[in-house]
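Each remark here refers to the structure printed beneath this line.
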Amino acid sequence: MLVALYPWLKAAHVAAAVAFVGGLLAGAMALAAVQGERFPPSASAAFMRVARAWDRRVTTPAILLVWALGLTLALQGHWFRSVWLPAKLVVVLAISAWHGVQSGTLRRLAGGAPTHPKGRHGLVPLAILAAVLAIVLLAVLKPL
Ligand code: HEM
């Protein structure tokens, strides 16, 4: 039964991962925009409320779904015996943890906390992209 479901679970896993990565990048770019002091404080808080709502309603449920479906696939396909999956999980854990940090920042700024104009916030979306590239290469090519 689960064998027939496997491709559907995998499709749902990839769709949830796309929603998660999209939301993570959108949040990172929203933060880079306001932290760069391009908006007056009241506009920043309004912008952050929109970004925070998307994070809470879409991005957070998506990463929970990615993990639930990914673990189901891993157990069903006996993938924990391979090396690519644990290697991929190290990178997935890192971006999941980063998502936690980013959600907290969005929540504080949506509540009106001051922004930090200093720092290279624009590099965060690039670092996320590099991590996603590593995850996708490991998952698709299974080189190890
Ligand atoms: C942002 C996080 C993640 C992304 C972008 C991602 C991406 C992908 C992609 C693109 C595939 C399709 C591979 C293929 O069909 O060739 C896949 C499959 C898979 N993923 Fe993930 N994944 C993520 C998180 C996870 C997590 C947390 C787990 C496990 C706990 C996991 C376990 C798996 C497994 C077991 C497969 C099935 C491999 C197969 O049957 O070919 N993934 N993932």
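The values are calculated or read from the model by the stated rules, or taken from the named source; none is laboratory data. Values in this document were obtained by computation on a predicted structure and should not be read as measured data. Cβ atoms come from the backbone with ideal geometry, glycine included; neighbour counts cover every protein chain shown. To get the accessible areas, we keep the full protein, side chains included, count just its heavy atoms, and leave off ligands, DNA and RNA. Shrake-Rupley method; radii C 1.70, N 1.55, O 1.52, S 1.80 Å.
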Handout entry: Nearest-ten-degree value, helix 60-76 long axis tilted from longest Cα axis of the chain
Key = 10 degrees
Exercise for the section: Using only Cα atoms, find the angle between the long axis of helix 123-141 and the longest principal axis of the chain, and express it within 0 to 90 degrees, rounded to the nearest 10. Expected result: 10 degrees
Handout entry: Accessible area of K10 in the full protein assembly, 1.4 Å probe (Å², nearest 10)
Key = 100 Å²
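For L144 and V50, calculate 0.36 nm times their separation in residues minus their Cα-Cα distance, and state this gained length in nm to one decimal.
Gain on stretching L144 to V50: 29.7 nm.
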Problem - Solvent-accessible area per residue for the chain (1.4 angstrom probe, square angstrom) - result: 59 Å²
Exercise for the section: State the answer as a single residue: which of Q102, A45, L71 lies farthest towards the positive end of the charge dipole of the chain, with beta carbon charges of +1 for Lys and Arg and -1 for Asp and Glu, about the Cα centre. Expected result: A45
Problem - Principal axis dimensions, largest first and in whole angstrom, of segment 64-144 by Cα - result: 48, 23, 13
Exercise for the section: Determine how large the accessible area of S82 is when every protein chain is in place; take a 1.4 Å probe and give Å² rounded to the nearest 10. Expected result: 30 Å²
Fill in the blank from the handout: Excluding ligands, DNA and RNA, the carbon-plus-sulfur percentage of the accessible area of the chain with a 1.4 Å probe reads 74 percent
Practice task
Compute from the Cα atoms of the chain the Rg and the Dmax, the latter being the longest Cα-Cα distance, and quote both in angstrom.
Solution key: 17.2, 56
Practice task
Report, in degrees rounded to the nearest 10, the 0 to 90 angle that the Cα long axis of helix 41-54 makes with the longest principal axis of the chain.
Solution key: 20 degrees
Exercise for the section: Enter the accessible area of W67 (Å², nearest 10), with the probe set to 1.4 Å and all protein chains included. Expected result: 70 Å²
